[in-house]
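What follows is a single structure, written as structure tokens, with notes after it.
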Protein chains: 2
Amino acid sequence: MANERERERDSEVVRAAAEAVRRTWRDPREDLARARLEATCDASKLSAVLHGGEESLRRTKALSSLVQAQPWASKKDRYFLGREELHRRGLEVAMGIRDLVRKENLTYEDAMTIRKLVDLPGGFELHYGMFLPTLIGQGTEEQLDAWLGQALSMRIVGTYAQTELGHGTFLRGLETTASFDKLTDEFVIDSPTPTATKWWPGGLGKTATHAVVMCRLFLDGKDLGPHPFVVQLRDLETHLPVQGVEVGDIGPKMGYNGVDNGFLRFDRVRVPRAALLSRYAKVDRDGRYAPPPKANAKSSYATMVVVRTDIVKYAGEVLSKAATIAVRYNAVRRQTAPEPGGLEEIILNYQQSARNLIPTVAKSYALIFMGQTMWDMYGRFEGQRDSGDFSALPELHATSSCLKALCTWVTTAGIEVCRQSCGGQGYSLLSGLPSLYTNYVQNLTWEGDNTILCLQAARYLVKQLHAILAAHRGGRPQPELAPTVAYLAGTVSDDPFLDVSRQDYEFHDLLSFEVLDSIMAQRCLFVAGQALDNLEANARRLDAEPKIGEGAAWNASHVIMVKLAKCHGWLLLHRSFHGKIESLRKEGKVLDASLRVLESLYHLFTISHIEDSLGDFLEGGVLAPSQSQMIHEATQALLLKLRPEVVCLVDAFAHDDYSLNSAIGAYDGDVYNRLYEMAKRSPFNDTQEGPAWDDLLKPFLIRRGRKAKL
Amino acid sequence: MANERERERDSEVVRAAAEAVRRTWRDPREDLARARLEATCDASKLSAVLHGGEESLRRTKALSSLVQAQPWASKKDRYFLGREELHRRGLEVAMGIRDLVRKENLTYEDAMTIRKLVDLPGGFELHYGMFLPTLIGQGTEEQLDAWLGQALSMRIVGTYAQTELGHGTFLRGLETTASFDKLTDEFVIDSPTPTATKWWPGGLGKTATHAVVMCRLFLDGKDLGPHPFVVQLRDLETHLPVQGVEVGDIGPKMGYNGVDNGFLRFDRVRVPRAALLSRYAKVDRDGRYAPPPKANAKSSYATMVVVRTDIVKYAGEVLSKAATIAVRYNAVRRQTAPEPGGLEEIILNYQQSARNLIPTVAKSYALIFMGQTMWDMYGRFEGQRDSGDFSALPELHATSSCLKALCTWVTTAGIEVCRQSCGGQGYSLLSGLPSLYTNYVQNLTWEGDNTILCLQAARYLVKQLHAILAAHRGGRPQPELAPTVAYLAGTVSDDPFLDVSRQDYEFHDLLSFEVLDSIMAQRCLFVAGQALDNLEANARRLDAEPKIGEGAAWNASHVIMVKLAKCHGWLLLHRSFHGKIESLRKEGKVLDASLRVLESLYHLFTISHIEDSLGDFLEGGVLAPSQSQMIHEATQALLLKLRPEVVCLVDAFAHDDYSLNSAIGAYDGDVYNRLYEMAKRSPFNDTQEGPAWDDLLKPFLIRRGRKAKL
């Protein structure tokens, strides 16, 4: 009772202070709810557009509910898992998804959706993603009989071992060799140098029992280049490596630590001739080689295009997650009262926060739409391919190369913009932002290093330019150009473009596709011209040929070629965004207000990019220096216009709380209570004293203290 | 015997293949040794310059040897430690350093050097870094008597609790309150809202027994703003939180996980009046308040300047580590043979790699020199201060604010450039690059959020400009300007600057300080003019006053103000780099060849920055669009010139292998063997079967396999 009275007195003492503090306190949930009321756009309509229809959206929601009921899918402890726990959980997740798919009779697409929702890659990734597809795509019927059943039933687990310590990009340089032994009808697989060690394959470390191993095939000492072999790595009963195989885990990475990426060395390991996947290239009993048909190269190009299209789509999904978290947090976080005793300002109302985040939302939309546009392109190609027409492949390959590079760069940088815009909370794993970054960034490297892919795209662009210029100089008719590069014909004619720099444009004139497209395309042409000049100047300087894609002059032009590919990619993003709006307008499914907001978002996407890269546009004379101010003003005006819409614009991405797993990015805006509740679950808080008290801190502090007291 | 004969036959089968592979294989150690021979600069002379003299360099080497002999300092398992192990190791390191310092009778500087070499911050960081200095700086003699002895002997461990869940930057908004109870002569400390929870203090989670807690002081219901209180948080014998205190760990972060950053809530906790640190502000027995003298504000500004100078210096150290690792790896990594069967090219010879990395080396030098220049500035200020002259403080504060922001941004972005330039290996923790990034990036936020600091610096710059313009308009003599901002007077006079844009400059003309300085300063003036125009236009538009540093018009000008501060910072970096070279030239200590290399590095620093920000220079008319090509060519020419020097230029940073702890960045260049040896120590490799075989994989694979066989 006395105690209770004391507490009451305490309350009285602090009352005035508590009231003063609460007077300027606002519930962040109310701030977010209010923001939703201010918007004019319709998040659910936009969601359907972003998700390819309402049905797909409903399906994702249903699958999310289903998966959240599974114990293996819990994310409550996700940010507290150490590497071993992550690895184990990753396997449990894969097993869980497998069981769930069977039990609920789910489709392949459903399984992929669930995989993304749970978002914990593990040791089986490459079994499904590379081992099975390679087996199916490159194995003969006998080979499928031998392995496919076991692989589908998970009696064996495979991975795909191509990259080596010393080689990633340059396939011809792989150092793992497979030499045919005619006497025994076997190949001997060998790692003759330290750099021949296979390095990186997912699941190779401790999970896979088998691998498709890319080896340089040697027949009678003759090097026939890289070929795929199916090799058993571990005993199926003991999981111990087989004789001659050294295999293990390559250690922790910046992210993606559920996966046991591995290393692999061969000390003269014998495999039967049937280990060579032989649907295309073959070796017969006498060691004679039958090379793959040419069409095979084309179909493997097509496979690359699909993989890269997926990466573009995924880039948009990841960036939109980061944008959702950062926008919601910035829309409720308050800091600094304009006047003493006043309410503090919401930080998204500060200009710099809006400049960081709203263009990032626009980029997320642009990437998602680009993924859809690429699927459409690929669909058209499939139709042509089935009637034997591969003519669209070079364009498709160049497009997917440059967009894989550009979109993964945009997403990587964009996640960090989002994370850094959340101040200290963005540094906490509980925000969900650090792991988005650390799990994502390897996308810059895998499936083609970005710089190399830009050079491949530039090679295609420069080839088209050479053809255009040659026809022009020779007075011949212009070559037929693929749709995405048709604008390059402008290099020999000024007609197609508006001369924006010489006219008295004001900023509202910028809000026109013709004007913006003219600006974006002319920038590409200017950089393309620089690239050609550079190549020729380097050829003269180095007394080399101005060869496209190789040689000293080309190598001395890499920087401008990479830039050219990026500029081309930005043009494609800009056109795809606009194209999407046009088709929505035609379909009439999206309401006027939402369409207007989407259009402003598209304007902001392109104009803020022009502001970010202003140097290019001024250098090329596409814009006059005096027009720069117009670009700045247009950017600011669009930011103000979109500010009331942006919370709904991120709601439209439809990432649910389970998918985001963020203390600061949940739908309800209750960031502070959620941070506190999540932090309390940190394993360090299992005991009040913490994990170092008993044997470390206690002896140190108490011993010292006692000594000092004496 | 049979077996041996079989192995021999295997060797024969693979011989041709092995020879073919080895023919184009090169030992990376030889590549790096050769690179060192090609350089003309003297790494050891440059080292002495970077480290402030040969003596300091020798001392660092000696301390590194000493510390490497300590078991607690081992880095062999560093990248494999989970969070709890990191935390424990962090405490052991701090205890180990403490013992070593005593045993070897080391100085405070030695201890700081060792801390950086071991590079594992732990739970005691804020005890040494904030608790002790605050106690000493703000406690009365009685208060020091009460706490200092116990704190120095580690009977108590303290931290500094200022930031709250809801408040970082805006100190006046802190929500933890201390209300005076006249009746009992006590303060009652309270957290009236969820956002009042203290959040982030290092060591608060599970280590600290005490804290300096910043609370809003309330006397008779009157808010007197934030004041520091010493509060006991945990029982000294049991380490359990004391009554009314809730304290714990905030969970894992992107990096820095040795430290137990914590949360803290008070439920009406009583502390004696003496808990208020009272050297400056005081409360007497009757609850009357004596505010701190004005000079105190100045001295706390000076403290901030020192902390920020340290951050600038540290930015250079961290970036130079990343640059060392990336340059060494890029100097031995080979990829893609120009012709079939030829030797593959070293990737640093590819233009894009050089463009990424050599300017990053130049930035590292610039940041390190900037740190030295700032120390010199601070030293001059201390001299003046001791004679009561605080006039240099505003300039120093603005300089340190804008450079803290700019340098941490440069380092953050630069580490990622280095990491991404190492392809896949840069994603492995073993490269040392991911942890450099994840441990570093909180520097953007702490000790002043970068955006806020830029706004503070801009406020100073705009004030100077207003004074200059007012004097000019009024026909009064120009105000006296501090040295770093004297160039702003150019805003009312064109005299001091060369008109580079109108003359026929060629690229070798750029290699002059006068020309470059003119370009850099004019860009600042142009942006400053834009900033002033923007502020006035916003004032007109919003019908507000064009107040500097606050108000609606200022808030609507944040983006341009941040830009202004950054541009000013780049000018300072450029001038400091050049100033360093001039003083070296005068001292005559550095040999001609090294000085020439350093000069080229300085040229690259400034010119590659101009290339990166070309839009500003063209927009401002500082350069004409037609001069852009000259900037591109100058950048490329400098890259070619510096390419043979760059391995020695990073050697000069003198980061030893222990300090770098990188598989790919060690001095000898033996990257592949080291990656392999480090990976084998991964705990996953403790058993051949891995951590998931027995209870997860085995039942899954073998059960399924058996079922499938039936």
### Task
Sort shortest first the distances from A:ARG59 to its counterpart in every other copy, using label points 7 Å along the Cα-to-beta-carbon line, and give them in nm.
6.9
### Query
Under a 1.4 Å probe, what is the accessible area of region B:240-297 per residue, stated in Å²?
41 Å²
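So for chain A, averaging the separation of alpha carbon pairs under 8 Å that are six or more residues apart and normalising by length, what relative contact order in percent results?
After rounding, I find 15 percent.
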## Note on the structure
Taking a label point 7 Å from the Cα of B:PHE170 along Cα-to-Cβ, the residues of region A:330-357 whose backbone nitrogen sits under 17 Å from it are A:330-354
### Query
Straight-line reach from B:LYS547: which lysines have Cα under 20 Å away, leaving out those fewer than 8 places along the same chain?
B:LYS463, B:LYS563
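Which of the peptides A:137-144, B:597-604, A:594-601, B:41-48 is most tightly packed, and how do the rest follow, judged by the mean count of other Cβ atoms within 10 Å per residue?
Sorting A:137-144, B:597-604, A:594-601, B:41-48 by mean packing, highest first, produces B:597-604, A:594-601, B:41-48, A:137-144.
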### Query
Roughly to the nearest percent, how much of the accessible area of region B:431-531 is carbon and sulfur, given a 1.4 Å probe?
50 percent
### Summary
Length-normalised contact order of region B:125-285, Cα under 8 Å, at least 6 apart, in percent, tallies to 26 percent
### Solvent-accessible area buried by A and B, counting both chains, probe 1.4 angstrom, square angstrom
13500 Å²
#### Entry: Position B:GLU142, label points 7 Å along Cα→Cβ, spacing to each other copy in nm (shortest first, one decimal)
9.7
### Task
With all distinct Cα pairs included, what does the Kirkwood hydrodynamic radius of chain B come out to in Å, to one decimal, could you say?
28.8 Å
### Query
So if we plug the beta-carbon distance of A:ARG541 and A:LYS282 into 1/(1 + (r/R0)^6) with R0 = 56 Å, what FRET efficiency do we get, rounded to 0.05?
0.75
### Query
Residues of region B:88-128 with accessible area at least 30 Å² lower in the all-protein-chain context than alone (1.4 Å probe)?
B:ARG88, B:LEU91, B:MET95
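Taking the solvent-accessible surface of protein heavy atoms with a 1.4 Å probe, what is the per residue accessible area of region B:11-58 in Å²?
Here the residues of region B:11-58 average 55 Å² of exposed surface.
Counting only other chains, and only Cβ atoms inside 10 Å, what mean value do you get across the residues of A:5-14?
5
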### Query
Could you give me the ³J(HN,Hα) list for region B:527-543, computed from phi with Karplus coefficients 6.51, -1.76, 1.60 and θ = phi - 60°, whole Hz, x at Gly and Pro?
5, 4, x, 4, 4, 5, 4, 4, 4, 5, 4, 5, 4, 4, 4, 8, 6
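Using r as the Cβ-Cβ distance of A:TYR667 and A:LYS76, and R0 as 25 Å, what FRET efficiency do you calculate, to the nearest 0.05?
0.90
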### Task
Using Cα positions and a limit of under 26 Å, work out the lysines in reach of A:LYS222, with same-chain residues fewer than 8 apart set aside.
A:LYS182, A:LYS198, A:LYS282, A:LYS294, A:LYS298
### Query
Out of the DSSP beta bridges found with both residues in the protein assembly as shown, what percent are antiparallel (nearest 5)?
80 percent
### Message
If R₀ is 22 angstrom, what is the calculated FRET efficiency for the pair B:GLU382 and B:THR107, using the beta carbon separation as r and rounding to 0.05?
### Response
0.65
#### Entry: With eigenvalues of the C-alpha gyration tensor scaled by 5 and rooted, the protein assembly as shown, Å
50, 40, 34
### Query
In region A:662-698, which residues become less accessible by 50 Å² or more once every protein chain is in place, relative to the chain on its own, using a 1.4 Å probe?
A:TYR672, A:TYR676, A:PHE684, A:ASN685, A:GLN688, A:GLU689, A:PRO691, A:TRP693, A:LEU696, A:LEU697
## Note on the structure
In nm, the gap between the two label points placed 7 Å beyond Cα toward Cβ at A:SER153 and B:LEU183 is 8.1 nm
### Summary
Filtered hits (lysines, Cα-Cα < 23 Å from A:LYS45, offset >= 8 within chain) -> A:LYS61, A:LYS116, A:LYS313, A:LYS321, A:LYS363, A:LYS580, A:LYS586, A:LYS589, A:LYS641
#### Entry: Interchain or long-range residues, amide H under 5 Å from B:THR159's placed H
B:HIS210, B:ALA211, B:VAL212
### Query
What number, rounded to the nearest 500 deg cm²/dmol, is the helix-based mean residue ellipticity at 222 nm of chain A, given -39500 (n - 2.57) per DSSP H run of at least four residues and division by all its residues?
-18000 deg cm²/dmol
### Task
Quick one: go through region A:467-510 and flag any residue whose amide nitrogen is under 18 Å from the point 7 Å out along the Cα-to-Cβ line of A:LYS294.
none
### Task
Evaluate 2.2 N^0.38 Å with N set to the residue count of region A:300-650, then give the Cα radius of gyration divided by it.
1.05
### Message
Charges at C-beta only: +1 for Lys and Arg, -1 for Asp and Glu. How large is the resulting dipole of region A:158-292 about its Cα centre, in Debye rounded to 20?
### Response
340 debye
### Task
Mind ranking B:313-324, B:219-230, A:222-233 by how tightly packed they are, going by the mean number of other C-beta atoms within 10 angstrom, highest first?
B:313-324, A:222-233, B:219-230
### Neighbouring partner chain Cβ atoms per residue of A:423-433, average, 10 Å criterion
6
### Query
What is the distance, in nm, between label points placed 7 Å from the Cα along the Cα-to-Cβ direction at B:ASP27 and at B:GLU480?
6.6 nm
### Fraction of accessible area attributable to carbon and sulfur, region B:125-285 (%, probe 1.4 Å)
54 percent
### Query
So, in nm, how far is label B:ASP99 from label A:ASN3 when the simple model puts each one 7 Å beyond its Cα toward the Cβ?
4.2 nm
### Message
How far, in nm to one decimal, is B:ASP376 from itself in the other copies if the label point is set 7 angstrom along Cα toward Cβ? Shortest first, please.
### Response
6.1
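The values are calculated or read from the model by the stated rules, or taken from the named source; none is laboratory data. Because the structure is predicted, anything quoted here is derived from the model rather than measured. Don't worry about glycine lacking a Cβ; one is built from the backbone with ideal geometry, like all the others, and counts go over all protein chains shown. Accessible surface is based on the protein model in full, side chains and every heavy atom, while ligands, DNA and RNA are left aside. Shrake-Rupley method; radii C 1.70, N 1.55, O 1.52, S 1.80 Å.
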